[in-house]
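This report concerns only the one structure given below.
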Amino acid sequence: MTDATAELPGDLSARARTERMIRVDHAGEYGAARIYAGQLAVLGRGSKGDLLRHMQAQEQEHLRTFKDLIADRRVRPTALLPLWHLAGFALGAVTAALGEKAAMACTVAVEETIDAHYSGQIKTIGPGEADLRDTLERFRAEELEHRDIGLANGAEQAPGYRMLSRVIKAGCRTAIAVSERV
């Protein structure tokens with residue numbers, strides 16, 4: 001009988017897996033902060049402004065944490081940050097321009113994708129990375145709070161909700177896959 005967790009030839013080392021995790025999570029939190037910046041540029045003075053600022057502040061805290069981990073552990077950030085700078089802002093601004101409910105639909109789609117992503121990462125973290133696991137669990141809970149806020153604020157009533165959600169989720173999954181490696 002073999003150990004299911006044993007590394008096989010060609011597998012990434014635990015350090016390389018952790019670096020990949022930090023790289024992609026930094027990129028994701030950067031993109032999330034940019035999405036809220038785009039939404040705030042359109043909706044910041046409206047009735048959802050304070051709600052968007054609350055969620056953006058939490059994303060900024062997540063981003064600061066991953067910036068510190070990038071520096072402390074000398075992890076190379078993704079080379080795609082300039083793309084995520086533009087794409088995140090554009091996604092936020094475009095969905096906000098479609099209306100408050102579309103902005104909330106964007107939030108729900110992104111946060112559901114991040115929930116699945118963080119859940120998968122949490123399962124793979126070894127015992128030597130308890131602090132990182134705790135950080136991811138805390139951030140995951142806040143991302144789920146954002147999803148719940150989006151749902152409570154009419155996300156599912158956005159025109160074309162299902163299609164919009166599918167497109168945003170596919171984009172998020174692609175960004176995750178690429179940012180881990182590039």
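The values are calculated or read from the model by the stated rules, or taken from the named source; none is laboratory data. Model, not experiment: these values are computed from the prediction. Virtual Cβ from ideal backbone geometry, glycine too; neighbours counted across all protein chains shown. Note: areas computed on protein heavy atoms with side chains; ligands, DNA, RNA excluded. Shrake-Rupley method; radii C 1.70, N 1.55, O 1.52, S 1.80 Å.
Taken residue by residue, the stretch 70-77 has no member that is assigned to a helix (DSSP H, G or I), touching a Phe, Trp or Tyr at 6+ places or on another chain (Cβ under 8 Å) and either surrounded by fewer than 16 Cβ atoms within 10 Å (Cβ to Cβ) or among the hydrophobic types (A, V, I, L, M, F, W, C) (or both). Count, please, the residues in the stretch 12-62 that happen to be of a type in the set (Gly, Ala, Ser), open to solvent by 60 Å² or more (accessible area, probe 1.4 Å) and in contact with a helix residue (DSSP H, G or I) (Cβ under 7 Å, 6 or more places away or on another chain). The number of residues fulfilling the criteria is 1.
Determine whether the stretch 156-173 contains at least one residue that is of a type in the set (D, E, K, R) and under 13 Å from the mean Cα position of the chain (by Cα).
yes
If you go through the stretch 85-103 and keep only what is under 21 Å from His26 (Cα atoms) and surrounded by fewer than 17 Cβ atoms within 10 Å (Cβ to Cβ), you end up with His85, Leu86, Ala90.
Tyr118 meets each of the listed conditions (1) closer than 16 Å to Gly28 by Cα; (2) modelled with pLDDT under 95 apart from (2). Of all the criteria given as (1) in contact (Cβ under 8 Å) with a residue 60 or more places away in the chain; (2) farther than 20 Å from Phe89 by Cβ; (3) not aliphatic (A, V, I, L, M), the one not satisfied by Gly171 is (2).
Okay, residues lined up against (1) part of a helix (DSSP H, G or I); (2) basic (Lys, Arg); (3) open to solvent by 40 Å² or more (accessible area, probe 1.4 Å):
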{"residue": "Val108", "(1), (2), (3)": "yes, no, no"}
{"residue": "Tyr118", "(1), (2), (3)": "yes, no, no"}
{"residue": "Lys123", "(1), (2), (3)": "yes, yes, yes"}
{"residue": "Gly128", "(1), (2), (3)": "yes, no, yes"}
{"residue": "Phe139", "(1), (2), (3)": "yes, no, no"}
{"residue": "Glu143", "(1), (2), (3)": "yes, no, no"}
{"residue": "Gly150", "(1), (2), (3)": "yes, no, no"}
{"residue": "Pro159", "(1), (2), (3)": "no, no, yes"}
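Does Leu164 qualify as being touching a residue at least 60 places away in the same chain (Cβ under 8 Å), open to solvent by 30 Å² or more (accessible area, probe 1.4 Å) and of a type in the set (A, V, I, L, M, F, W, C)? Yes; evaluated as a whole, the condition is true for this residue.
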